[in-house]
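What follows is calculated from the coordinates using simple rules that are stated; it is not laboratory data. This is a predicted model, so every value here is computed, not measured. With ideal geometry, Cβ positions are generated from the backbone for all residues, glycine too; neighbour counts draw on all protein chains shown.
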Amino acid sequence: MTDVSKVQQLDLNLLKVFESIYQEQNMSRAAEVLHITPSAVSHALKRLREYLGDPLFQRSNNRMLPTPACQRMAPQIIDNLTRLRQILQHWGEFQPLNSQHHFRLGIHYALEPSILPRLAKKLAECAPNATFASVKVDRENLTRELGVGHIDMAFDVALPLKPPVLHTKLIDGEFCVLMRKGHPLEHNLTQKTYFAAKHIGVSHRPSGAAAEDILFQQQGLSRRISIRCQNYYAAKAMLIESDFLLTVPYILGNELMGGIEQADCLSQVPMPVRLTNIETHLYWHKNTEHDEALSWFRQILISLI
């Protein structure tokens, strides 16, 4: 029985000697292949025998023949040494078609329907063995989350972040208004009628203004939020049976307009009051700027927009 504690202390260089003796079946030829002396080969084999508790090889004339245990285990050891060399030869390289990399993307839940289906399709085409996870964005700790690798990058609205967090703007989007087909304001939405109407506000936070309301406040404007919910699809369902209005970025409005049976029950109308465009950025940590896998993933995300 092999002493496990000894194996854990094994000098992996001894396996190179083992590989050469097994392949050459001769101590002198193994020494030539390894560019060391026959004495060094003999010493290494002695140490390996002590570690593994097996003779490993037995002399027969000028040949070193493997023991039964050696014959059984050698192919696996040599195969793993070969794989290790291949990995090290491609150190830092990223090959999408063969990669099993797992990507973690921080993304606001409202943006998932617009981004994730296209991302899944793209990865299936370019990196079929890669996987990804969508993770809730923790804006207050985003620098740390990126720095320690809890997420690889984040997709979110413009945030006041500085290096070591880097970012690029992907979307500079206008807002639009969603309402049911046949709504009294469908063809008569003005600034006055917009602010007189009842609105649905969407936010996953228990209190505080939604993004568009913050922009209204900057202009000294406010609207009447009659219902506040956490999910845009819940808001969409309420629109179909009511006279409420829902204000969303166009990218999200386009997503909400399609994909379900009730899509022809809604109208998408331009905003009657000018709001500052809402920017969406891609964020990543400076430490991952030149990582091949993450650079590739970053370009994939940029190409989706």
Inset, instruction - Hand me the trypsin sites (Lys or Arg not before Pro) from region 103-165 located in a DSSP loop with no more than 13 other Cβ atoms within 10 Å, in residue order please. - result: Lys136
Inset, instruction - Please list the non-local residues whose amide H lies under 5 Å from the amide H of Arg228, H modeled 1.01 Å from N, same-chain partners needing a gap of 5 or more. - result: Gly201
Inset, instruction - Starting from the amide H of Met271, placed 1.01 Å from N in the peptide plane, find each other amide H under 5 Å away whose residue is 5 or more places distant or on another chain. - result: Val177
Inset, instruction - Search the structure for amide H atoms under 5 Å from the amide H of Gly106, placed 1.01 Å from N in the peptide plane, and list their residues when 5 or more places away or on another chain. - result: Val135, Asp152, Met153, Ala154, Phe155
Legend entry - Pairwise label distance in nanometres, Glu174 with Leu97, each label 7 Å out on the Cα-Cβ vector: 4.4 nm
Inset, instruction - Could you name the aspartates and glutamates whose alpha carbon sits less than 13 Å from that of Lys169, not counting residues in the same chain fewer than 8 places away? - result: Asp156, Glu279
Inset, instruction - Counting other beta carbons within 10 Å of each Cβ, put Cys70, Cys265 in order, fewest first. - result: Cys265, Cys70
Legend entry - Dipole magnitude of region 1-141, debye to nearest 20 (Cβ charges: Lys/Arg +1, Asp/Glu -1, about Cα centre): 140 debye
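Count of lysine pairs in region 1-155 with Cα atoms under 22 Å apart, counting only pairs 8 or more residues apart in sequence or on different chains? Before the final figure, lay out the partial values.
On the way: Lys6/Lys16; Lys6/Lys46; Lys16/Lys46; Lys121/Lys136; Lys122/Lys136.
Counting lysine pairs in region 1-155 gives 5.
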Inset, instruction - State the extension gain, in nm to one decimal, for the chain segment bounded by Lys16 and Asn231, taking 0.36 nm per residue of separation less the distance between their alpha-carbons. - result: 71.5 nm
Legend entry - Top of His187, His35, His167 by mean-square fluctuation, Gaussian network on the chain, Cα under 10 Å: His35
Inset, instruction - For region 64-74, just list the computed ³J(HN,Hα) in residue order, Karplus coefficients 6.51, -1.76 and 1.60, θ = phi - 60°, integers in Hz, with x standing in for Gly and Pro. - result: 10, 9, x, 6, x, 5, 5, 4, 6, 8, 4
Legend entry - Estimated dipole of region 214-297 in Debye, rounded to 20 [Cβ of Lys and Arg +1, of Asp and Glu -1, Cα centre]: 540 debye
Legend entry - Mean residue ellipticity (222 nm) of the chain, computed from DSSP H runs ≥ 4 via -39,500 (n - 2.57), nearest 500: -12500 deg cm²/dmol
